[in-house]
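Only the coordinates and a few stated rules stand behind these numbers; no lab work does. Just so we're clear, the structure is a prediction, and the values are computed from it rather than from any experiment. We place every Cβ from the backbone using ideal geometry, glycine too, and count neighbours over all the protein chains shown.
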Amino acid sequence: MEGSKRDLEDDELSVPEKHSKMEEEATDDKNCSEGLVNVLAQFQSESGETVGPPIELPLALARDKLQLILNALLEQEEITPYSFFVNEKEVTGSLSGAVDSSVSEEKVMTILYQPQAVFRVRAVTRCTSSLPGHAEAVLSVSFSPDGQHLASGSGDTTVRFWDVYTETPHFTCKGHRHWVLATAWSPDGMHLASGCKAGQILIWDPTTGKQMGRALTGHKQWVTSLCWEPLHLTCDGESKRLASAGKDGDVRIWNTKLGSCEKVLSNHLQSVTALRWSGEGLLYSASQDRTIKVWRASDGVMCRTLQGHGHWVNTLALNTDYVLRIGAFDPQSLMKSRPEITPPEERQACAAKYYKEHLAAAGGVERLVSGSDDFTLFLWEPAKDRKPIERMTGHQQLVNDVKFSPDTRIIASASFDKSIRLWNGFNGKYIAVLRGHVGGVYQIAWSADSRLLLSGSKDSTLKVWNMSTKKIDIDLPGHADEVFSVDWSPDGQRVVSGGKDKVLKLWRR
């Protein structure tokens with residue numbers, strides 16, 4: 001009976017899983033034939049801290065047993081799931097599958113561990129709604145920090161809000177005079193900012209669809225990027241300050257409550273293409289002048305210029321983007337059907353707590369990655385050094401989008417060369433290439449548990465990629481034309497996509 005059950009389990013394995021299993025068994029046999037049965041191992045966190053003394057472990061030790069040993073060494077009250085790595089190779093079955101022939105019984109082998117999300121996001125498999133309404137291409141789609149609201153910006157000059165439960169239109173917001181090129185949710189979830197090709201920025205209330213305050217005007221050409229001040233840096237847990245970038249080469253910091261421009265940061269020689277407001281109070285701006293500038297958001301002083309790219313810098317991502325996005329919403333609470341709402345007076349403290357925990361898991365350092373028209377990416381620690389950690393090469397055409405996984409461990413980059421590449425989030429080393437699209441990849445989005453990656457492409461499809469197999473999990477056709485924008489809700493429940501066919505599509509399990 002036990003044997004037949006095991007056969008059945010083997011039959012249920014996917015082809016990549018079978019190959020992985022066969023490879024591990026082959027490695028097991030190889031190590032055993034060489035007489036190597038046990039290894040001396042030392043557990044180490046991503047920040048370099050060791051746990052307990054080196055201990056002797058059998059090579060045949062399964063991953064779930066490693067979990068138990070580490071939790072015992074850490075004296076955890078509750079069992080926490082971890083990922084394990086030996087020489088940057090993940091332990092997916094037994095320890096032997098990640099060990100190479102250079103390991104000896106005398107040498108201490110380091111096993112890196114990293115906490116996994118305790119929740120698991122399931123891959124979306126079907127389109128539950130096609131939402132028409134926009135009269136031109138959908139240029140941006142995004143869920144609010146709690147996943148309860150959905151917004152889109154379009155070439156038809158409108159911003160629209162949609163009901164995620166009934167999957168129907170909610171509000172149509174008119175006020176822009178030209179294409180809506182950029183949208184950004186405030187981390188408290190109370191406001192949505194939108195910027196258009198006429199250089200105008202408007203703030204919207206997602207609960208009423210009404211414009212809040214007056215239009216923010218000052219950019220002399222179109223608005224290319226928007227980002228809000230991180231919630232833990234606010235004085236009262238309310239999002240007020242917004243940064244905007246323009247084709248005019250300026251970065252502006254606004255007080256949205258007063259409707260005034262606090263600072264104009266002018267040092268770029270060409271259009272500013274991307275903005276990030278870091279949890280350390282710094283602003284990063286990328287430009288077509290091939291540079292990235294580091295500004296102090298409090299007084300607008302330029303701290304340094306990051307140079308190295310040979311062409312336009314298109315995109316930026318921080319390893320803290322996920323925690324800055326969700327603000328004061330507890331990542332565990334987001335998985336519930338109705339997330340718990342943090343009282344306003346506690347928001348700033350909650351956001352600061354989540355940010356501190358997230359940064360500690362990332363090794364205590366905020367890292368920035370940049371992608372360019374020169375086909376390359378650079379990984380930086382921009383708060384302290386103007387030299388990059390790594391120059392990341394391999395793409396054959398320009399890099400459109402780049403995102404850190406929520407657990408900060410992996411960087412994904414999307415390119416017009418029809419591929420997505422994966423890189424180590426700590427040192428920028430190449431991990432794998434994901435191929436399957438037959439057109440350029442415009443945008444990517446991670447699931448909240450970092451186990452799945454979503455991509456939208458010029459070929460009119462979305463694809464869901466599995467990070468353990470590095471293969472396509474689900475192929476999602478359905479759009480009639482190019483898919484410009486995709487987002488995965490922070491609660492993991494939904495995916496939204498929009499593009500040239502003027503339609504939003506919602507996807508669920």
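Using the structure shown, select from LYS89/LYS500; LYS65/LYS471; LYS356/LYS505; LYS429/LYS502; LYS403/LYS500; LYS210/LYS403 the pairs with a Cα to Cα distance greater than 29 angstrom. Spell out each step's value before the answer.
On the way: LYS89/LYS500 40 Å; LYS65/LYS471 27 Å; LYS356/LYS505 35 Å; LYS429/LYS502 38 Å; LYS403/LYS500 23 Å; LYS210/LYS403 31 Å.
Among LYS89/LYS500; LYS65/LYS471; LYS356/LYS505; LYS429/LYS502; LYS403/LYS500; LYS210/LYS403, the Cα-Cα distance tops 29 Å for LYS89/LYS500; LYS356/LYS505; LYS429/LYS502; LYS210/LYS403.
Exactly which chymotrypsin sites (Phe, Trp or Tyr not before Pro) in the stretch 62-160 are in a DSSP loop and have at most 16 other Cβ atoms within 10 Å? Could the numbers behind the result be given before it?
Numbers: sites: TYR82, PHE84, PHE85, TYR113, PHE119, PHE143; in loops: PHE119.
The qualifying sites are PHE119.
Please report the net charge: other residues with Cβ closer than 13 Å to the Cβ of VAL301, K and R +1, D and E -1.
Values: positive: LYS263, LYS293, ARG296, ARG304; negative: ASP299.
So the surrounding residues net to +3.
Evaluate E = 1/(1 + (r/R0)^6) for SER298 and VAL37, where r is the Cβ-Cβ distance and R0 equals 41 Å; express this FRET efficiency to the nearest 0.05. Before the final figure, lay out the partial values.
Values: r = 59 Å, r/R0 = 1.43.
Approximately 0.10, to the nearest 0.05.
Summing Lys, Arg as +1 and Asp, Glu as -1, what charge do residues with Cβ under 13 Å from the Cβ of ASP248 carry, ASP248 excluded? Before the final figure, lay out each step's value.
Values: positive: LYS197, LYS220, LYS247, ARG252; negative: ASP250, ASP289.
Charge balance in the 13 Å sphere: +2.
How far, in nm, would the chain grow between LYS470 and MET212 when pulled straight, counting 0.36 nm per residue and subtracting the alpha carbon separation?
Working: separation 258, 0.36 × 258 = 92.88 nm, distance 4.41 nm.
Gain on stretching LYS470 to MET212: 88.5 nm.
Give the relative contact order (percent, whole number) for the chain; include only Cα pairs under 8 Å separated by 6+ residues. Each step should come with its number before you reach the end.
Numbers: 1376 pairs, mean separation 62.0, N = 509.
Result for the chain is 12 percent.
For the stretch 442-505, max minus min Cα coordinate along each principal axis, in Å, sorted largest first?
Result, largest extent first: 32, 23, 16 Å.
Determine the sum of side-chain charges near PRO382: Lys and Arg each +1, Asp and Glu each -1, restricted to other residues whose C-beta is under 13 angstrom from that of PRO382. If you can, show how the numbers build up before the last one.
On the way: positive: ARG276, LYS293, ARG296, ARG304, ARG367, LYS384, ARG386, LYS387; negative: GLU280, GLU366, GLU381, ASP385.
It works out to a net charge of +4.
Be a star and scan the stretch 168-211 for residues whose amide nitrogen sits under 11 Å from the point 7 Å along the Cα-to-Cβ vector of THR128.
Residues passing the 11 Å test: 168.
Just want the ordering: CYS127, CYS235, CYS303, from fewest to most Cβ atoms lying within 10 Å of their own Cβ.
Numbers: CYS127 17, CYS235 7, CYS303 13.
So the residues, fewest neighbours to most, are CYS235, CYS303, CYS127.
Going by C-beta contacts inside 10 Å, put ARG126, ARG509 in order with the fewest on the left. Don't jump to the answer; show the numbers that get you there.
Details: ARG126 11, ARG509 14.
Placing the least packed residue first, the sequence is ARG126, ARG509.
Looking at SER152, ILE326, SER489, which one has the Cα that reaches farthest to the positive end of the dipole of the chain (charges on Cβ: Lys, Arg +1; Asp, Glu -1)?
Comparing the listed Cα positions along the dipole, SER152 ranks first.
State the extension gain, in nm to one decimal, for the chain segment bounded by ALA72 and VAL365, taking 0.36 nm per residue of separation less the distance between their alpha-carbons.
On the way: separation 293, 0.36 × 293 = 105.48 nm, distance 2.75 nm.
Extending this stretch completely gives an extra 102.7 nm.
Exactly which trypsin sites (Lys or Arg not before Pro) in the stretch 315-414 are in a DSSP loop and have at most 13 other Cβ atoms within 10 Å?
LYS336, LYS384
Per 10 Å bin, what percent of the C-alpha pairs of the stretch 130-508 does each bin hold, from zero upward?
Reading the bins upward from 0: 5, 25, 38, 27, 5, 0.
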